[in-house]
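The values are calculated or read from the model by the stated rules, or taken from the named source; none is laboratory data. Source: prediction; values computed, not measured. No Cβ is skipped: glycine too gets one built from the backbone with ideal geometry, and neighbour counts run over all protein chains shown. The area values use the complete protein model at the heavy-atom level, side chains included, leaving out ligands, DNA and RNA. Shrake-Rupley method; radii C 1.70, N 1.55, O 1.52, S 1.80 Å.
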Amino acid sequence: MTTIAIIQARMSSSRFPGKVLADLDGVPMVVFMAQRVIRCRALDQVILATSDEASDDPLAHAATSHGLTVFRGPLNDVLGRFAMVQAQYGADVIVRMTGDCPLADPEVVADLVSLRQDQHADYASNVEPRSYPHGFDCEIF
C-alpha cells in the first residue's frame, strides 16, 4: 500500500502573502516543514502540490532546489490537484497537510496513519474534533 503526504501550498495568502517562503532556520518555511514530514516512517513519498500560476513559480523553484518533489495544477481546484497527484503517483492513501504548519510532527502523522489502518477507516483526522494544537493538523483518506 502506497502512502503519500501531499503538502498543499501557495504564495497568494491573503493575510501573509509568501508566508510559505518565510525564512525559518535558514530555509523556506515549507521546506523546513517538508524536511520534518519526510522523516515520517509511515510515508512512501512527500509531494508539494502548488498551482501552475506564475505567482507560485518562486515556491516551486525553492522546493525543487531543496530536492522536494513538486506537482503543479490549477490554483482554484485544490481537490483536483490532489486527484491529479494521486493519479500520477498511484497512492492508495493520502495524507493531506497544509504548507503553513512548519512544526508538523512525523510521529503524529505516523500514529494517525496507523490508526486509520488499524480501524479500517476511510478517513482519519486530528482536526475535528481538535486533538492537537494548530500546526499539527493532518487528514488521511
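Multiply the residue gap between Met1 and Leu79 by 0.36 nm, knock off their C-alpha separation, and tell me the result in nm, one decimal place. Provide the component values of the computation, followed by the final result.
Numbers: separation 78, 0.36 × 78 = 28.08 nm, distance 2.15 nm.
Separation in residues times 0.36 nm, less the Cα-Cα distance, equals 25.9 nm.
Under 11 Å from the 7 Å Cα→Cβ point of Tyr89, by amide nitrogen: which residues of the stretch 7-49?
7-8, 38, 43-49
Apply the a/c threshold of 1.5 to the C-alpha gyration tensor of the stretch 1-77 and tell me whether it is rounded, prolate or oblate.
Oblate, since a/c reaches 1.5 and b/c is not below a/b.
Determine the relative contact order of the chain: mean sequence separation of Cα pairs under 8 Å and six or more apart, normalised by residue count, in whole percent.
Numbers: 261 pairs, mean separation 40.7, N = 141.
Computed over the chain, the figure is 29 percent.
Quantify how much of the Cα-Cα distance distribution of the stretch 3-48 extends past 16 Å, in percent. Working shown, then result.
Values: 437 of 1035 pairs.
Result for the distance tail: 42 percent.
Would you mind calculating the gained length between Glu53 and Glu128 on full extension (0.36 nm times residue separation, minus the Cα-Cα distance), in nm to one decimal?
23.9 nm
Under a 1.4 angstrom probe, counting protein chains only, how are Met97, Met11 ranked by accessible area, largest first? Write out the running numbers ahead of the final one.
On the way: Met97 5, Met11 35 Å².
Of Met97, Met11, the descending order of accessible area is Met11, Met97.
About its Cα centre, how strong a charge dipole does the stretch 1-102 have in debye, to the nearest 20, once Lys and Arg get +1 and Asp and Glu get -1 at the Cβ?
Around 260 debye, computed over the stretch 1-102.
Which of Leu103, Val113, Pro133 sits closest to the plus end of the dipole of the chain, meaning its Cα is farthest towards the positive end, when Lys and Arg get +1 and Asp and Glu get -1 on the C-beta?
Toward the positive end, the furthest listed residue is Leu103.
Could you give the nm distance between label points at Leu115 and Ala22, where each point is 7 Å from its Cα heading toward the beta carbon?
In this crude spin-label approximation the distance works out to 2.7 nm.
Please calculate the 1.4 Å probe accessible area of Phe136, with all protein chains present, and give it to the nearest 10 Å².
60
Leu103 label point, 7 Å along Cα→Cβ, cut-off 16 Å on backbone N: hits in the stretch 19-41?
Inside the label zone: 24-25, 29-30, 32-34, 36-37.
What number comes out for accessible area per residue over the stretch 39-140 if the probe is 1.4 Å? Units Å², please.
Roughly 52 Å² per residue, with all protein chains present.
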